[in-house]
Amino acid sequence: MGRFQAEKTIIDQATFNKAENKRIQGQGESDPFKIEKVERKEDTLAIVVSYTGGCKDHSFDVIWNGQVVLSYPLVVNLILVHHANGDPCEARITETLKIDLKEMFGNDDYSKQKYVFNVFSILNRTGDPDAFVVVPPVSGENLPDPEPVSAMAIQSAKVSGRAISIVVRCVVPEPCWAFTRTEHSRSNNNFAVTVFARRVTNDPCLQVLSSIDASFDVIAEAPGSYSFQFWRSDGTTVDTTLIVQ
């Protein structure tokens, strides 16, 4: 009988960017699995997964770019990859991946501020995470769906090798909104990007406009000039162009 092996946490921006690029292009490489739910238990992030197997050892990679999106709440995006090691059996198995948050962060900041942990399967090519948890938990259950939000300004734009990383500031209706995802279309080296965010609590919130920072990462396929247009509700865009050597 196969057994579940401990997950491997990979904290590396280049590895994350490569996995994210493959994920959104529908080219993610992983054995099939499902993320059932994610929750925080004290200093542990518990991710419940299910898969078929039973005859060989299975393992998971948990990939993080080491970055926290500076919004309210703060946002951490994780990507999961499943290794079934050629297991031919078809028993339905449910396991819990346990991530030590103190070891992951190197401190206990996660216990002092509100975070959203978005967990994506590398096989999920959409912008919506397979599961997410707000830490500490928020009151209420039926939170609104993400909505597109207007870009205000480019905060940073970096090129490292062929990895492109852009942080854009966006306007949101209230301080209780958080970045959830980006969606983009591409024509040659031109990217049209829309940022999505949502309210993360059903509690009353201060009725003033606020802002969030959203990250957009992509791997350039070849050297050249790459242009990015970030959506605004008034029909204009916030633009930047980067050169990949």
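Derivation of every value follows stated rules applied to the coordinates shown; laboratory data play no part. Being a predicted model, the structure only gives us computed values, none of them experimental. Reconstructed Cβ throughout: ideal geometry from the backbone, glycine too, with neighbour counts over all protein chains shown.
Give the relative contact order (percent, whole number) for the stretch 8-135; include only Cα pairs under 8 Å separated by 6+ residues.
Across the stretch 8-135, relative contact order equals 33 percent.
What do you get for trypsin sites (Lys or Arg not before Pro) in the stretch 43-127 restricted to DSSP loop and a cutoff of at most 12 other Cβ within 10 Å of the site's Cβ?
Answer in residue order: Lys112.
Report the convex hull volume per residue for the chain, counting only C-alpha atoms, in Å³. Before the final figure, lay out the partial values.
Working: hull volume 32.1 nm³, N = 245.
In the chain, the Cα hull volume divided by residue count equals 131 Å³.
With a ≥ b ≥ c the root eigenvalues of the C-alpha gyration tensor of the stretch 122-245, is it rounded (a/c under 1.5), prolate (a/b larger than b/c) or oblate?
In terms of gyration-tensor shape, prolate.
Calculate the all-directions average of the projected area of the stretch 43-105's alpha-carbon convex hull, and give it in nm². Display every interim value, and only then the final one.
Details: hull surface 20.2 nm².
The number I arrive at for the stretch 43-105 is 5.0 nm².
With charges only on Cβ, +1 for K and R and -1 for D and E, what is the dipole size of the chain about its Cα centre, in debye, rounded to 20?
In total the dipole reaches around 300 debye.
If you take the charge dipole of the chain about its Cα centre, with +1 on Lys and Arg Cβ and -1 on Asp and Glu Cβ, which of Val244, Phe216, Met104 is farthest toward its positive end?
Selected residue: Val244.
Which listed residue (Ser160, Pro175, Tyr226) has the Cα farthest towards the positive end of the charge dipole for the stretch 147-244, taking +1 on Lys and Arg C-beta and -1 on Asp and Glu C-beta about the Cα centre?
Projecting each Cα onto the dipole axis, the largest value belongs to Ser160.
Sort Cys205, Cys89 by Cβ crowding within 10 Å, fewest neighbours at the top.
Taking fewest neighbouring Cβ atoms as first place, the list is Cys89, Cys205.
Quick one: which of Lys98/Lys158; Lys8/Lys114; Lys8/Lys37; Lys34/Lys158; Lys56/Lys98 span more than 27 angstrom between C-alpha atoms?
On the way: Lys98/Lys158 32 Å; Lys8/Lys114 25 Å; Lys8/Lys37 19 Å; Lys34/Lys158 34 Å; Lys56/Lys98 20 Å.
In this structure, Lys98/Lys158; Lys34/Lys158 lie more than 27 Å apart at Cα.
For the chain, what relative contact order do you get, as a whole percent, if you take Cα pairs closer than 8 Å and at least 6 residues apart? Walk me through the numbers on the way to the answer.
Numbers: 620 pairs, mean separation 46.6, N = 245.
Computed value for the chain: 19 percent relative contact order.
Below 8 Å, C-alpha to C-alpha, sequence gap of six or more: please give me the relative contact order for the stretch 147-244 in percent.
Computed value for the stretch 147-244: 35 percent relative contact order.
Rounding to the nearest 10 and keeping the result within 0 to 90°, find how far the Cα-based axis of helix 13-24 lies from the longest principal axis of the chain.
Approximately 90 degrees, to the nearest ten.
Give the span of the stretch 8-135's Cα atoms along each principal axis, as three whole-Å numbers ordered largest to smallest.
Projected onto its principal axes, the Cα set of the stretch 8-135 covers 44, 32, 22 Å.
Do any cysteines in the chain lack another Cys Cβ under 4.7 Å, and if so which?
Cys with no partner Cβ under 4.7 Å: Cys170.
Return the FRET efficiency for the residue pair Glu183, Glu103: r is the Cβ-Cβ distance, R0 is 35 Å, and the value is rounded to the nearest 0.05. Don't jump to the answer; show the numbers that get you there.
On the way: r = 33 Å, r/R0 = 0.93.
The computed FRET efficiency comes out at 0.60.
I'd like the per residue volume of the convex hull spanned by the Cα atoms of the stretch 172-233, given in cubic angstrom.
88 Å³
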